[in-house]
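Each value in this text was obtained by applying a stated rule to the coordinates, not by laboratory testing. Please read these numbers as outputs of a predicted model, since none were measured by experiment. Here the Cβ positions follow ideal geometry from the backbone for every residue, glycine too, while neighbour counts run over all protein chains shown.
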Amino acid sequence: MSMNQFKDKAVLTDISGSKILISLNSDVSYDSKISSYQLKNFSFRLLSSIYHSQTHKELSDLDLISLKLADENGYLTNAGALLADISPIRYSRLFCTRWYGLSKASGVMDALDDKEYSGSLVALLQDGLSFIRNNTNLLWEKTKEDEIERPEYPKLAVQEALVNALVHRDYQDPGSEVHIDIFDDRLEIYNPGGMNDGSIVQELDTNYVVSKLRNPIIANIFQCLHFMELRGSGLKKIKDAYCVNYRSEKEPLFRSTPTSFFVTLPNLNYDIK
C-alpha cells in the first residue's frame with residue numbers, strides 16, 4: 001500500500017494491539033473506513049452462506065468490494081472486519097445474562113445463565129437470539145378449537161431490537177459492548193451510541209422516527225440478508241409486535257442518552273396465572 005492511500009487518515013490501535021486506519025473526513029462513516037486488515041487473511045463463510053440462501057448468488061471477492069466490505073487494494077473496510085467470520089475487532093462483542101429475579105442484585109444469586117460472544121456481526125445476531133430462546137418460556141392458551149402459542153416476547157420484536165443494537169451501535173467506543181439482560185419481568189438490550197442525529201428518543205414519537213444510519217454499509221448488508229429494512233421503521237415494528245393479541249399496556253420502552261441506547265421489552269406472560 002502506498003503512502004498516498006493513507007492521506008487524510010490517522011492510525012488507531014485497538015485493545016488487541018491491531019491498527020485501524022481512521023479517516024479524518026467527518027463525512028465518512030466509521031464502517032466505510034479502510035482498515036489495515038487484508039482480505040486474503042479472512043473468510044466470510046457465514047455471511048456467504050446466508051447471502052446465498054437469500055439471493056441464490058455466490059458471494060465473490062468482487063461482490064465484497066461492490067458491497068464496500070473491501071477495497072480494490074485488498075484491504076477490508078471496518079464493515080468487512082466486523083462481518084468476517086473471525087472479526088479482528090475484539091471489542092465487537094455481545095454479553096448476555098439471564099438474571100435471577102427483577103434486578104441485578106436480587107440478594108439470592110447473581111445469574112442463572114451468562115454468556116459472552118465474539119465474531120462476525122451475523123454470528124452475534126444468531127448467538128444472541130439463541131441465548132434468548134434458551135432463557136425464555138412459552139405458555140399455551142387452550143381454545144375450543146386449538147392451542148395458541150404465547151411466547152414471553154414476540155419473536156419479531158426481539159430480532160428487530162437486537163438487529164438495531166448491532167447495526168446502530170457506536171463501534172468507535174472500544175470500552176463497551178452490546179448487552180442482553182433478561183429478568184423475570186422484562187428483557188433489556190443496550191448498545192453504545194445514542195441517536196445518530198443527537199436527538200433523545202424518549203422525546204420523539206417513535207412511530208415516526210426518521211432513519212439516520214451511523215453504519216450504512218452494515219445496515220445495507222443486514223438489509224440484503226433480510227434481517228432489517230432501511231426505512232426507519234424498526235422502533236415501530238417492535239411496538240406493533242406487542243399490539244397483536246396482547247395487552248396494550250405492555251408496551252416496549254425506548255431510552256437514549258448521547259452515548260447509549262436502551263430497549264426494554266416487557267415479559268407478556270409475567271403475572272399471568
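Taking one quarter of the surface of the C-alpha convex hull of the chain gives a mean projected area of 16.9 nm².
Based on DSSP H runs of at least 4 residues, each adding -39500 (n - 2.57), what is the mean residue ellipticity at 222 nm of the chain after dividing by all its residues, to the nearest 500 deg cm²/dmol?
Values: 7 runs with 70 residues, N = 273.
Helix-only estimate at 222 nm: -7500 deg cm²/dmol.
The alpha-carbon of Lys104 sits under 15 angstrom from the alpha-carbons of these aspartates and glutamates, leaving out residues fewer than 8 places away in its chain: Asp113, Asp114, Asp181, Asp184, Asp185, Glu188.
Work out, step by step, the length gained on full extension between Asp173 and Leu129: first 0.36 nm times the residue separation, then minus their alpha carbon distance; give nm to one decimal. Please list the in-between numbers first.
Values: separation 44, 0.36 × 44 = 15.84 nm, distance 2.36 nm.
Stretched fully, the Asp173-Leu129 segment lengthens by 13.5 nm.
Extending 7 Å from Cα along the Cβ direction at Arg93 and again at Arg150 yields two label points whose distance is 3.9 nm.
Which whole-angstrom value gives the distance between the alpha carbon centres of segment 161-183 and segment 43-65? The two parts, judged by their Cα centres, are 25 Å apart. Each label was represented as a point 7 Å from its Cα along the Cα-to-Cβ direction; for Asn196 and Thr136 these points are 2.6 nm apart. Listed cross-link partners Lys40/Lys236; Lys142/Lys239; Lys57/Lys250 are compared with a 32 Å cut-off, the Cα-Cα value being larger for Lys40/Lys236; Lys57/Lys250.
Counting only aspartates and glutamates at least 8 places from Lys237 when in the same chain, those with an alpha carbon closer than 13 Å to its own are Glu160, Glu229, Glu251. Once Rg and the Kirkwood radius are both taken over the C-alpha atoms of segment 130-273, their ratio Rg/Rh works out to 0.99.
Straightening the chain between Glu203 and Gln223 buys 4.5 nm, computed as 0.36 nm per residue apart minus the Cα-Cα spacing. Residues Ile218, Ile189, Ile148, ranked from the fewest to the most other C-beta atoms within 10 Å, line up as Ile148, Ile189, Ile218. Computed from the Cβ-Cβ distance with R0 of 51 Å, the FRET efficiency linking Lys57 to Leu112 stands at 0.75.
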